[in-house]
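Trainee: Okay, handing you the structure first.
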Amino acid sequence: MTAMAQRTWVAVCPVESVPRGDGVAALLDNGEQVAIFRTESDEFHGLSNMDPFSGAAVLSRGIVGDADGVAVVASPVYKQRFELSTGACLDDENVRVRTYPVRIAGGVVHVGSP
Amino acid sequence: MSRTLVVAGHGMVAHRLVEAIRSEDAEGTWRIVVFGEERRPAYDRVGLTSYVDGWDAGALALPGADYSGDEAVELRLGDPVTGVDREARRVVTAGGHSERYDALVLATGSRPFVPPVPGHDLPGCFVYRTIEDLDAIHAAVERARGGRGRPAAAVVGGGLLGLEAAKALRDMGLSPHVVEMAPRLMPLQVDEGGGALLRRLVTALGVTVHTGTSTDAIEADRGKLCAKLGNGTELDVDLVVFSAGVRPRDDLARQCGLEVAERGGVLVDSSCRTSDPHVYAIGECAAIEGRVYGLVAPGYTMAEVAAARLLGRDATFPGADTSTKLKLMGVDVASFGDAHAATEGALEVVFNDAVNGSYKKLVVSDDSATLLGGVLVGDAGDYNLLRPLVGNPLPADPATILAPAGGGGAVGIEALPEEAQICSCNAVTKGAITWAITDEGCDSVPAVKACTRAGTSCGSCVPMLGRLLSACGVEQSKALCEHFTVSRAELFEIVRATRISTFSELIARHGKGSGCAICKPAVASILATLGNGHILNGEQAALQDTNDHYLANLQRNGTYSVVPRIPGGEITPDKLIVIGEVAREFGLYAKITGGQRIDLFGATVEQLPRIWRRLVDAGFESGHAYGKALRTVKSCVGSTWCRYGVQDSVGLAIELELRYRGLRSPHKLKSAVSGCARECAEARGKDFGVIATDNGWNLYVGGNGGTMPRHADLLVSDVDTETLIRIIDRFLMFYVRTADRLQRTAPWIEELDGGLGHLREVIVEDSLGICAELEAAMARHVEEYADEWKGVLEDPEKLARFTSFVNAPGVPDPTISFRTEREQPVPVLLPVPEVVGR
Ligand code: SRM
Ligand SMILES: Cc1cc2nc3c(=O)[nH]c(=O)nc-3n(C[C@H](O)[C@H](O)[C@H](O)COP(=O)(O)OP(=O)(O)OC[C@H]3O[C@@H](n4cnc5c(N)ncnc54)[C@H](O)[C@@H]3O)c2cc1C
Ligand code: SF4
Ligand code: FES
């Protein structure tokens, strides 16, 4: 009960602003950047936008797809793949990016605190 | 105590001998002293002609040939052996060195034979055997370039070496004339029918052939040379190269009274021993059982035999296969076994396809059951399968084997016996390779090479290694990625045939899953080539790599660079000023690129459309620096200004750049045009490069800088602009359709079955009948081209994507910042954050 209730949700954009199989970035008030992805099957995921391998805030601009059925995004810089649901890097088991909960309400995408 | 082995000569064969002894002589029973006349360690003489692509002697080096770190071997270069005292068992050298031996191996090779015609020793006359010979020829060619007109050369001798020399000269930009005494080229290897076709093919490549005539004299004539032929022809040339055969270097043997063969060569028995049991001879200087071999493979076998004997083992020379296959200027020539049907009762079966330029002859036993030999000219694709069958029963009727449709199909690799030699350079049998695959677990061509040595010399057997892997059930997957089992080329054909225009439909019908960073951009590129409108239209945007998605190149700090097109590198002062103003206004770092244009770095996503607006208004367009597409057509200044230029290279470069701009391809495409043979635009380093000639243009294809540099090969010469463009249209479209993902034209041509010869057949001679279609596809591309930047500026929906944050349009990424270096902005890099250990 407690965790859900304390989570703050921020409305980010209309659902149509996130194309299928693509991503966008959102800027939170605290300066954090969230990459929001929408899979072909309309699942939404949030990851930190920061690419841990280059230090550039660009993960939202990666290519979305799957590796053995697991939904992933490939960094646009050096192409490492990150699992959308967990943030785990498939190409380096020591690396993971932060995940953010995403929910759709009233046709609007919301990002929650991690 | 170890004994001393002296080796006279350090060529390929001597090196093999030293390697063979050192790999088995762990106890060090032999101390080896090698004297070499040349100043460098043994190198790949067989590959000598490739030296002209880049003049890099290092590329011919043989691994380990300097024996550094091996104390048992002393290599003394530039110090030839000048005398042998067999009584005292001692050699003396030109440098005054004297060395006692327990065994002596002569490996002095052979010297080029120069017919004693008057004038044969004039300056400008050369032979073709060593790196130094080629350097001397190169220097003479450079001098000849100073004059007007295209320099020319006469090559005396139309055998294997003569044709190689002609190729090297042609690659250096000369017009070569080949003079051959026999009525046909390569008289030793091919028969009359094959010779006739060879002549036709070689002539088409710009080599003039004079057969059935002697060279009577060389005369000096106003700074040039005149070669007077027996048939009355006089050739005005800048240089003459003699390649009229070789003679074994048996002088040392003669001097010290060893027996020599009647026609030259140190006489040795089948154990490589001379008439003196302490002296051996191997390689081209040896007449083994009276016969001299001018090929490296028998030399290697002799080296192994001598090494075994020296180590106290028994070994005898089993005889040698003098089969040859070569690719000369893209023309395949092969002869094997009893090519001239000398066997009693032998029958010849000939298939002569004049239209497609292919001549094939099989020599079979009188009952047609056994293969004895053969000649292949134009298309030697079956050589690797036929040669090992010599002496074995034919798997099918000879006519079926030769028919084009039957071809390699009729003689499968399965038909070869286990003992058939697949790699003749290194004497590796099918059995040995199969064992490496099945028992040693080699699962790729490089693994088989490392394990068996097959394919590591001339490389002609490499395709067979691939086929043996497949025959053993080792899949060499061509699948694009885990989502598509087909190759890129197959996928291209599927999209073309089905006219599917979306990724989702394509993957649903021909793939699985939801795609990835490999297949999505590959499909996006295929769709773009086939004309699918703007690359950011609808669903296509999500397929694009970030560079194509933002029509700019991503940099390490998340900003982008902007490269406007500057066709041919030609730019007006006004346009230059606009670029400067844009850079100043948006705070961009400016740099002249290696592609003769200007790159502006450090633009944020929101700045991009505003920068393009300025540039487009000033008459610029996208330079596709971000795309797997045509990049630049570089140009030298050409005949308009340059005192040596023979054509307007800038004009042609601009025409080509505007024609092919925007063409999406498997990898980026680069081109250049040079106004004369000095080649200031470096056209031979490009995917397609054009060099002006007095009569038109020479087109070179398959060049590459980058990681694996390769010089482009001449495809057609002296063509007019219209023909040139037609052939480039075909070349590009054929490449775009058939190459693998991220495969530049250089590896594509190298991996093309039949290589450059096949490419020429398809796009010059139209052997597949597809040229009209390729041209039509290019015409469509030219017709439909539109500037991609403008396409974004005119479409509000696309424009809306150019923002860093979906919830804060116009706000730039706050993590981006710059500092100043050499008066320009450069990125401040962030520490790598957010890595959460598991
Ligand atoms: C800007 C430039 C360097 C410069 O400041 O001069 C450059 C910059 C890059 N080159 Fe290059 N190359 C540039 C000329 C070259 C050249 C020289 C030439 O074209 O004459 C070569 C060798 C020639 C060749 O390609 O055969 C060259 C061989 C490469 C390669 C290796 C390609 C290969 O086949 O091995 C790569 C990597 C790749 O493409 O996979 C590469 C990749 C890159 C990338 C795209 C790396 C990347 O992914 O970020 C760089 C992008 C910079 C940017 O954002 O604009 N660049 N690059 C040059 C742009 C030329 C232009 O006007 O378009
Ligand atoms: C352009 C070209 C292309 C060729 N293509 C092919 C091909 O495709 N396939 C093929 O099988 N073969 C080919 N050959 C032939 C092949 O190169 C030779 O068969 C092979 O190099 C012979 O090796 P070798 O060691 O016996 O002699 P060499 O390579 O001639 O080496 C002998 C060395 O001994 C040195 N020497 C001579 N006298 C002395 C002395 N008294 N003291 C010390 N050193 C001495 C010489 O300077 C030389 O360096 C080609 C040759 C050339 C020139
Ligand atoms: S050479 Fe390397 S660092 Fe330099 S521009 Fe090309 S890719 Fe970048
Ligand atoms: S046949 Fe020359 S490397 Fe195998």
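The values are calculated or read from the model by the stated rules, or taken from the named source; none is laboratory data. For clarity, every value in this text was computed on a predicted model and none was experimentally measured. Reconstructed Cβ throughout: ideal geometry from the backbone, glycine too, with neighbour counts over all protein chains shown. In case anyone asks, the SASA skips ligands and DNA or RNA and just uses the protein heavy atoms, side chains included. Shrake-Rupley method; radii C 1.70, N 1.55, O 1.52, S 1.80 Å.
Trainee: With every protein chain kept in place and ligands, DNA and RNA left out, what is the accessible area per residue of the stretch B:628-786? Probe 1.4 Å, answer in Å².
Mentor: Counting only protein heavy atoms, the per-residue value for the stretch B:628-786 is 38 Å².
Trainee: Size of the dipole of the protein assembly as shown about the Cα centre, Lys and Arg at +1 and Asp and Glu at -1 on the beta carbon, nothing else charged, in debye to 20?
Mentor: 1880 debye
Trainee: Nearest 10 degrees is fine. How inclined is helix B:131-145 to the longest principal axis of chain B, computing both from alpha carbons?
Mentor: Computed tilt is about 50 degrees.
Trainee: Oh, and also: With angles folded into 0 to 90 degrees, how steeply does helix B:573-586 sit against the dominant principal axis of chain B? Use alpha carbons for both and round to 10.
Mentor: 70 degrees
Trainee: Equivalent ellipsoid semi-axes for the stretch B:125-244, as square roots of 5 times the alpha carbon gyration tensor eigenvalues: give them largest first, rounded to whole Å.
Mentor: Semi-axis lengths for the stretch B:125-244 are 23, 16, 13 Å.
Trainee: Using a 1.4 Å probe, how large is the accessible area of B:His138, given in Å² and rounded to the nearest 10?
Mentor: Its heavy atoms expose roughly 50 Å² to the probe.
Trainee: Right, something else. Taking only Cα atoms of the stretch B:419-552, what ratio of Rg to Rh do you get with Rh as the Kirkwood inverse-distance radius?
Mentor: Taking Rg over the Kirkwood Rh, I get 1.18.
Trainee: Turning to a different aspect of this structure: How large is the accessible surface per residue of the stretch B:417-476, computed with a 1.4 Å probe and reported in Å² as a whole number?
Mentor: 46 Å²
Trainee: Still on this structure, I have one more. Can you compute the helix-only [θ] at 222 nm over chain B? Use -39500 (n - 2.57) per DSSP H run of at least 4 residues, normalise by all residues, nearest 500 deg cm²/dmol.
Mentor: -8500 deg cm²/dmol
Trainee: Then there is this: So what are the ³J(HN,Hα) numbers for the stretch B:705-713, from phi and the Karplus equation (6.51, -1.76, 1.60; θ = phi - 60°), rounded to whole Hz, Gly and Pro as x?
Mentor: Result, rounded to whole Hz: x, x, 5, 10, x, 8, 7, 6, 9.
Trainee: If you place +1 on the Cβ of every Lys and Arg, -1 on the Cβ of every Asp and Glu, and leave all else neutral, what size is the dipole of the stretch B:628-786 about its Cα centre, to the nearest 20 Debye?
Mentor: Result for the stretch B:628-786 is approximately 800 debye, rounded to the nearest 20.
Trainee: Treating the angle as unsigned and between 0 and 90°, give the value, to the nearest 10°, between the Cα long axis of helix B:12-24 and the longest Cα principal axis of chain B.
Mentor: Rounded to the nearest ten degrees, it is 90.
Trainee: Oh, and also: At 1.4 Å probe size, with no ligands or nucleic acids counted, give the accessible surface of B:Tyr735 in Å², nearest ten.
Mentor: Surface accessible to solvent at B:Tyr735 totals approximately 0 Å².
Trainee: Leaving out same-chain residues fewer than 8 places away, which lysines sit with a Cα under 16 Å from that of B:Lys361?
Mentor: Hits, sequence-local ones excluded: B:Lys325.
Trainee: Still on this structure, please answer the following. Leaving out ligands, DNA and RNA, and with a 1.4 Å probe, what % of the accessible surface on the stretch B:417-476 is carbon or sulfur?
Mentor: On the stretch B:417-476, the fraction of accessible area on carbon and sulfur atoms equals 51 percent.
Trainee: Considering only protein heavy atoms, with the full assembly of protein chains and a 1.4 angstrom probe, order B:Cys642, B:Cys285 by accessible area, largest first.
Mentor: Of B:Cys642, B:Cys285, the descending order of accessible area is B:Cys642, B:Cys285.
Trainee: Order B:Lys512, B:Lys449 by their accessible area, 1.4 angstrom probe, all chains in place, largest first.
Mentor: Sorted descending by solvent-accessible area, the residues read B:Lys512, B:Lys449.
Trainee: I've got another one for you. Relative contact order for the stretch A:17-100 using alpha-carbon pairs under 8 Å, separation at least 6, rounded to a whole percent?
Mentor: With pairs under 8 Å counted, the relative contact order is 23 percent.
Trainee: Further question: Looking at the P(r) of the protein assembly as shown, how many percent of alpha-carbon pairs lie beyond 55 Å?
Mentor: Cα-Cα pairs of the protein assembly as shown separated by over 55 Å account for 26 percent.
Trainee: Then there's this: So which of A:Lys79/B:Lys628; B:Lys591/B:Lys668; B:Lys360/B:Lys449; B:Lys628/B:Lys798; B:Lys167/B:Lys449; B:Lys449/B:Lys628 end up more than 24 Å apart by C-alpha?
Mentor: Pairs exceeding 24 Å: B:Lys360/B:Lys449; B:Lys167/B:Lys449; B:Lys449/B:Lys628.
Trainee: Additional query: How much accessible surface area, in Å² rounded to 10, belongs to the heavy atoms of B:Ile571 with a 1.4 Å probe?
Mentor: Accessible area of B:Ile571: about 50 Å².
Trainee: Tell me the relative contact order for the stretch B:403-546 as a rounded percent, counting alpha carbon contacts under 8 Å between residues six or more apart.
Mentor: It comes to 15 percent, rounded to a whole number.
Trainee: Rank these residues by their accessible area, most exposed first, probe 1.4 Å: B:Ser50, A:Ser48.
Mentor: Output order, biggest surface exposure first: B:Ser50, A:Ser48.
Trainee: With +1 on each Lys and Arg Cβ and -1 on each Asp and Glu Cβ, how big is the dipole of the stretch B:1-46 about its Cα centre, in debye rounded to the nearest 20?
Mentor: The dipole of the stretch B:1-46 has a size of about 140 debye.
Trainee: Then there's this: Counting other Cβ atoms within 10 Å of each Cβ, which trypsin sites (Lys or Arg not before Pro) in the stretch B:20-104 have at most 10 and sit in a DSSP loop?
Mentor: Here no trypsin sites (Lys or Arg not before Pro) fit, given the DSSP loop and packing criteria.
Trainee: Under 13 Å Cα to Cα from B:Lys512, which aspartates and glutamates show up? Leave out anything in the same chain fewer than 8 places away.
Mentor: Result set, ordered by chain and number: A:Glu40, A:Asp66, A:Asp68, B:Glu482.
Trainee: So for the protein assembly as shown, taking the charge dipole from beta-carbon charges (+1 Lys/Arg, -1 Asp/Glu), which of B:Ala244, B:Ala450, B:Gly58 sits furthest toward the positive end?
Mentor: B:Gly58
Trainee: How many Å² of accessible surface get buried when B and A come together, counting both sides, probe radius 1.4 Å, rounded to the nearest 100?
Mentor: The summed interface area works out to 3200 Å².
Trainee: Further question on the same structure: Pairs of Cα atoms under 8 Å, at least six residues apart: use those to get the relative contact order of the stretch B:488-544, whole percent.
Mentor: Averaging sequence separation for qualifying contacts and normalising by length gives 37 percent for the stretch B:488-544.
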